[in-house]
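Written below as structure tokens is the structure these notes are about.
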Ligand SMILES: [Zn+2]
């Protein structure tokens, strides 16, 4: 197989650095929000790189871009690889861009090495993955049909501009219909965005699943009162209840192996130094790969909210705002990633993706997996996000091997 051949890490790195000029920030990061001039420039650059190699680029009605390198059998469904070129407001050079440009590098290397594959192979740039402006992973969600074109188009930015208006502003409303064409499989290379690979000194994360997630909005109601005249024993302080829940969320998640629990938003009202808070709105984010563990965390949270409300004479209500089950990736593709790393002598580790990715949507309709590489300190969604050329190249070589293996299989996955 292809383990004696390799991709061009220096060229991949150079492409990453050129791409990072679009939306470059003074601190060395990237601000490339969806439907801005920077997004358009990044798309134009990607398109020009694809077209100069003769990969035809299709743009669909949601702005997703697909570049195709032909295979020997045009009648067979292509292998699809990619990620996203948009970023967070204070994002880095690698989140998303790595997956798109590693995919492009695989195609370029196939050309250089004059390797023909049975199936076509495509590189994709999904529209609006980050959710800094609209909800996350919108392009891939529309692509798989989980959100209708109409609903997607009507989504609005905080400034009032709709998705459709944004798409038209940058000239990327394509003609290709959304209906997913037959795809053999989907592969996404990405930086880990966490510290595990670095801590364990591994180069390749063999991603077995996208983690399950539950979101809650909790409202706690007490009684607003004057901070001076109200004795401590007579208070019904909503923020004290909220504080107890914040600590409990941490304890619940820490008490279950590989659990994650976060309170990201907390708003006390009326927000005055000499008023006991009467109301608090807060959010909870729980994640776990196991359905049972996530359910146990759910039960513990509900019991805690009830107990806290009773103890402090508060009213508390809890609403479910999201419930995304764990997405297992395709076992055959997962094992191919593991084998490719092994053959290349790259230390690897099975890992679960704690973040959402376009791959989590694609996995619902086609065999899918992801390949992670380390990022410095596990830091991402930050301008200082960093990865090494060697790791970028290693991940790209694994992507290359798995893509070729998949593209040379005439039969479909089970
Ligand atoms: Zn990403």
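Read-outs: derived from the displayed coordinates by stated rules, not from any lab. For clarity, every value in this text was computed on a predicted model and none was experimentally measured. Note: ideal-geometry Cβ built from the backbone for every residue, glycine included; neighbour counts use all protein chains shown.
Annotations for the structure displayed:
- Segment residue 17-residue 201, extension gain: residue separation times 0.36 nm, minus the distance between their alpha carbons: 63.7 nm
- Cα centroid separation - region 222-297 against region 335-350, whole Å: 43
- Helix 389-407 axis, angle to the chain major axis (alpha carbon atoms, nearest 10°): 70
- A full extension of the chain between residue 243 and residue 281 corresponds to an added length of 12.5 nm, given 0.36 nm per residue minus the alpha carbon distance.
- When peptides 48-54, 225-231 are ranked by their average number of other Cβ atoms within 10 Å per residue, the highest-first order is 48-54, 225-231.
- With contacts taken as Cα pairs under 8 Å at a separation of at least 6 residues, the chain carries a relative contact order of 24 percent.
- The calculated FRET efficiency for the pair residue 323 and residue 267, based on their C-beta separation and a Förster distance of 22 Å, comes to about 0.45.
- Here r is the Cβ-Cβ distance between residue 313 and residue 175 and R0 is 60 Å; the resulting FRET efficiency, rounded to 0.05, is 0.45.
- In this rough spin-label picture, where each label sits 7 Å from Cα along the Cβ direction, the residue 251-residue 303 distance is 1.2 nm.
- Net lengthening on full extension, residue 113/residue 162 (0.36 nm per residue, minus Cα-Cα): 13.2 nm
- Gyration tensor analysis over the Cα atoms of region 236-390 returns equivalent ellipsoid semi-axes of 39, 19, 13 Å (largest first, whole Å).
- Per-pair calculated FRET efficiency, R0 = 41 Å: residue 389 and residue 350 via Cβ, rounded to 0.05: 0.95
- Helix 291-311 and the long axis of the chain differ in direction by around 20°, with both axes built from C-alpha atoms.
- Each peptide in 340-346, 313-319 was scored by the mean count of other Cβ atoms within 10 Å over its residues; highest first, the order is 340-346, 313-319.
- When peptides 356-369, 80-93 are ranked by their average number of other Cβ atoms within 10 Å per residue, the highest-first order is 80-93, 356-369.
- Principal-axis tilt of helix 97-112 within the chain, Cα atoms, nearest 10 degrees: 10
- Region 228-379 - percent relative contact order, Cα under 8 Å, separation 6 or more: 19
- Working note: 222 nm ellipticity from helices only, DSSP H runs with n ≥ 4, each -39,500 (n - 2.57), summed and divided by the residues of the chain, gives -10500 deg cm²/dmol to the nearest 500.
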